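To start, the structure under review is shown below, and the notes come after it.
The values are calculated or read from the model by the stated rules, or taken from the named source; none is laboratory data. Every value quoted in this text rests on a predicted model; they were computed, and no experiment measured them. Note that each Cβ is placed from the backbone with ideal geometry, even for glycine, and that neighbours are counted across all protein chains shown. Accessible surface areas use protein heavy atoms only, side chains included; no ligands, DNA or RNA. Shrake-Rupley method; radii C 1.70, N 1.55, O 1.52, S 1.80 Å.
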Amino acid sequence: MTNVEKQKNESNRDYAFRVIKENIINLNIKPGIMISEQDIAEELNISRTPVHEALQELSKTKIVDILPQKGCRVSLIDMKLVNEAVFMRLTIESAVTEEACRIASEKDIEALEENVILQDFYKGSDNYPKIMDLDNRFHEKMYQITDKMQCLYMVRLMNIHFDRLRELTLETGVSSRIVDDHKEILQAMKDKNSDSVKDILQRHLNHLYIDEKAIRKSHPDYFSE
């Protein structure tokens with residue numbers, strides 16, 4: 001598990017939740033692996049109680065399974081939950097991005113453009129963690145522009161299931177396609193073409209279905225039946 005620094009004013013429970021969630025998403029904690037509350041508590045230098053509470057909260061999203069008298073296990077990738085996460089994100093983010101396209105300022109467009117330039121740079125080095133981070137920040141900017149940050153919080157909770165598949169998708173060498181999609185979204189934002197930006201976003205988020213077969217072949221043990 002990769003540890004990260006605790007943020008200022010972050011509770012131990014929120015800290016444990018964030019670290020465990022990020023490690024599940026980036027596959028440092030792999031699907032099907034048992035999680036030890038004690039080991040995590042020792043690694044984060046906190047008590048077991050906030051770790052237990054964080055795992056209970058994560059279990060509500062079905063990303064971890066609480067097994068009576070056995071402990072906690074990271075759930076396998078369930079495509080039904082992935083599909084639901086994509087549906088939720090498409091429904092909310094399409095509307096958010098369409099609105100952002102209409103109201104984005106020149107400063108907002110400059111921030112998106114800077115993000116895409118960095119994506120292009122890291123694409124060449126196959127720096128998947130950085131590309132994933134920039135991808136997240138690109139889409140987060142739409143929620144910031146429209147002042148819909150609570151929507152983003154709800155989407156991100158469910159999106160954990162989608163994010164694991166996104167991580168595996170990057171391994172299949174599609175980072176160029178992801179960056180190209182973002183360039184198209186950016187151009188549509190510049191043109192104030194809200195219909196086009198919505199269509200591009202939907203195609204962008206649906207790309208994972210093209211890669212699912214290849215991912216299953218590479219990691220069959222990561223998926224539920």
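Between Asp14 and Ile66, the contour length at 0.36 nm per residue exceeds the Cα-Cα span by 16.8 nm.
What angle, in degrees between 0 and 90 and rounded to the nearest 10, separates the Cα long axis of helix 12-25 from the longest principal axis of the Cα atoms of the chain? On a 0 to 90 degree scale, this one is about 70.
Surface composition of region 1-124: carbon plus sulfur atoms contribute 49% of the solvent-accessible area (1.4 Å probe, protein chains only, all chains present).
On the basis of the beta-carbon distance and an R0 of 30 Å, Asp120 and Ala95 show a calculated FRET efficiency of 0.60. Dividing the C-alpha radius of gyration of the chain by 2.2 N^0.38 Å, with N its residue count, gives 1.06. Counting Lys and Arg as +1 and Asp and Glu as -1 over every other residue whose Cβ lies under 12 Å from the Cβ of Glu93, the net charge comes to +2. Solvent exposure of the chain, expressed per residue, is 52 Å² of accessible area, with all protein chains present and a 1.4 angstrom probe. Fully extending the segment from Arg73 to Glu110, taken as 0.36 nm per residue of separation minus the present Cα-Cα distance, adds 9.0 nm. May I ask for the Rg/Rh ratio of region 92-163, computed from Cα atoms with Rh as the Kirkwood radius, given to two decimals? That ratio equals 1.00.
FRET efficiency for the pair Arg177 and Met88, taken as 1/(1 + (r/R0)^6) with r the Cβ-Cβ distance and R0 = 22 Å, rounds to 0.45. Estimated purely from DSSP H runs of n ≥ 4, each contributing -39500 (n - 2.57), the mean residue ellipticity at 222 nm for the chain is -23500 deg cm²/dmol once divided by its residues.
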